[in-house]
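Trainee: My structure is below; once you've seen it, I'll send some questions.
The values are calculated or read from the model by the stated rules, or taken from the named source; none is laboratory data. This structure is a prediction, so every number in the text was calculated from the model and none was measured. Glycine also receives a Cβ, built like all others from the backbone with ideal geometry; neighbour counts cover every protein chain displayed. Only protein heavy atoms, including side chains, enter the accessible area calculation; ligands, DNA and RNA are left aside. Shrake-Rupley method; radii C 1.70, N 1.55, O 1.52, S 1.80 Å.
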Amino acid sequence: MLQFDVVTIFPAMFDAVAEAGVIGRAREKGIYQLVAWNPRDFAQNAYRTVDDRPYGGGPGMVMMAEPVGRALAAARQRQKSAGVQKPRVVHLTPQGRLLNHQLVMELAGQQGLVLLAGRYEGVDERAIARGANGIDDEISIGDYVLSGGELAAMVLIDCIVRQLPGVLGDAESAHQDSFVNGLLDCPHYTRPEVCEGQKVPPVLLSGNHADISRWRLKQALGRTWQRRPDLLVKRVLSDDERSLLEEFKREMCTQELNGA
Ligand code: 6GU
């Protein structure tokens with residue numbers, strides 16, 4: 001069972017992942033466990049203060065090192081009790097390295113993860129030092145700013161849990177996801193065959209599985225070329241894929257000439 005501990009001043013936000021959909025069901029099945037730790041419960045004064053003004057001045061507040069450090073220590077202790085000797089400790093921050101499929105797979109192979117979700121302008125640097133009993137990674141989920149690390153931590157939990165054995169059924173298998181083969185996914189269709197005058201591509205009704213596979217790969221290549229050319233630069237195309245992409249481009253030109 002994968003062990004998650006999250007340090008957050010908004011533990012209730014994590015009910016959203018713990019209860020809904022495939023990720024909620026995975027928790028009920030005992031595939032992972034998630035415990036939240038609130039730095040407020042480790043604050044010293046009567047107001048349970050967890051933030052203060054930044055030294056050196058400037059806007060916003062900083063999360064205090066001591067309550068955060070004590071919550072992290074409690075999270076590590078809980079991991080140890082659950083049998084995890086060396087949990088990976090991750091700070092979610094826009095200053096982190098960008099999350100991608102490869103990093104998700106690496107984290108999905110860990111026994112336990114401690115996630116620190118910061119708020120305000122950031123966390124006192126002394127609570128997020130690297131090294132023994134420090135932070136192992138800083139991770140960002142994209143080049144935009146969230147109000148806190150909680151949503152990013154939930155994104156991370158969702159991506160990781162859906163990769164664990166027994167979470168997705170055959171029908172929803174993670175092997176066919178976008179990014180697994182370095183390409184975006186192909187378009188999908190279901191009933192009815194005609195929807196407001198728009199037909200399902202005839203090849204999908206042909207029953208010819210080889211043709212269907214080729215069409216799907218062609219669409220995946222075409223979409224990736226149109227929407228995420230950066231992904232194609234990183235991926236070596238086989239001769240077959242190269243000719244499918246050329247076919248896609250030719251068909252696009254023909255559609256344009258026909259006014260589609
Ligand atoms: Cl991990 N945290 C915050 N606050 N904003 C983000 C982020 C993380 N990743 C992208 N934006």
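Trainee: For region 107-126, which residues satisfy the criterion of being assigned to a helix (DSSP H, G or I) and more than 24 Å from Gly69 (Cα to Cα)? Show your work before the answer.
Mentor: Of all residues in region 107-126, those assigned to a helix (DSSP H, G or I) come to 107-108, 125-126.
Matches in region 107-126: Ala108 only.
Trainee: Also, quick follow-up: Would you check if Val155 is at pLDDT 95 or above and within 17 Å of the chain's Cα centre (by Cα)?
Mentor: Working: at pLDDT 95 or above: yes; within 17 Å of the chain's Cα centre (by Cα): yes.
Yes, satisfied.
Trainee: Here is a follow-up. Only residues that are modelled with pLDDT of 95 or more and of a type in the set (Val, Ile, Thr): list them for region 234-260, please.
Mentor: Val236 - this is the single residue of region 234-260 that is modelled with pLDDT of 95 or more and of a type in the set (Val, Ile, Thr).
Trainee: Starting from residues that are under 13 Å from Leu92 (Cβ atoms) and of a type in the set (A, V, I, L, M, F, W, C), keep the ones in region 117-134 and report whichever is farthest from the ligand (Cβ to nearest atom).
Mentor: Within region 117-134, the first condition is being under 13 Å from Leu92 (Cβ atoms), and the residues that meet it are 117-119, 122-123, 128.
Now narrow it down to the ones that are of a type in the set (A, V, I, L, M, F, W, C): 117, 123, 128.
Numbers: Ala117: 8, Val123: 11, Ile128: 12 Å.
Per the stated criteria, the residue is Ile128.
Trainee: Can I ask one more? If I ask for residues that are more than 16 Å from the ligand (Cβ to nearest atom), assigned to a helix (DSSP H, G or I) and surrounded by 11 or more Cβ atoms within 10 Å (Cβ to Cβ), which ones from region 135-174 would you list? Spell out how you get there, then give the answer.
Mentor: Looking only at region 135-174, we keep the residues that are more than 16 Å from the ligand (Cβ to nearest atom), and these are 161-174.
Cutting the leftovers down to assigned to a helix (DSSP H, G or I) gives us 161, 170-172, 174.
Those that are more than 16 Å from the ligand (Cβ to nearest atom), assigned to a helix (DSSP H, G or I) and surrounded by 11 or more Cβ atoms within 10 Å (Cβ to Cβ): Val161, Glu172, Ala174.
Trainee: Under the condition of being assigned to a helix (DSSP H, G or I) and at pLDDT 95 or above, which residue from region 175-203 is least open to solvent (accessible area, probe 1.4 Å)? Steps first, please.
Mentor: Restricting attention to region 175-203, the residues satisfying the condition of being assigned to a helix (DSSP H, G or I) are 175-176, 202-203.
Checking which are at pLDDT 95 or above leaves us with 202-203.
On the way: Pro202: 105, Val203: 36 Å².
Checking each candidate, the answer is Val203.
Trainee: Where in region 1-106 are the helices (runs of 4 or more DSSP H), entirely inside, with at least 1 residues that are in contact with a helix residue (DSSP H, G or I) (Cβ under 9 Å, 6 or more places away or on another chain), more than 16 Å from the ligand (Cβ to nearest atom) and in the same structural domain as Lys234 (by TED's automatic domain parsing)? Even if it seems obvious, please write down each step before you answer.
Mentor: Values: elements: 15-19, 21-28, 65-81.
It comes to none.
Trainee: Condition check: at pLDDT below 95 and among the polar types (S, T, N, Q). Does Asn208 satisfy that? Write out each step before concluding.
Mentor: On the way: at pLDDT below 95: no; among the polar types (S, T, N, Q): yes.
Judged against the criteria, Asn208 is not a match.
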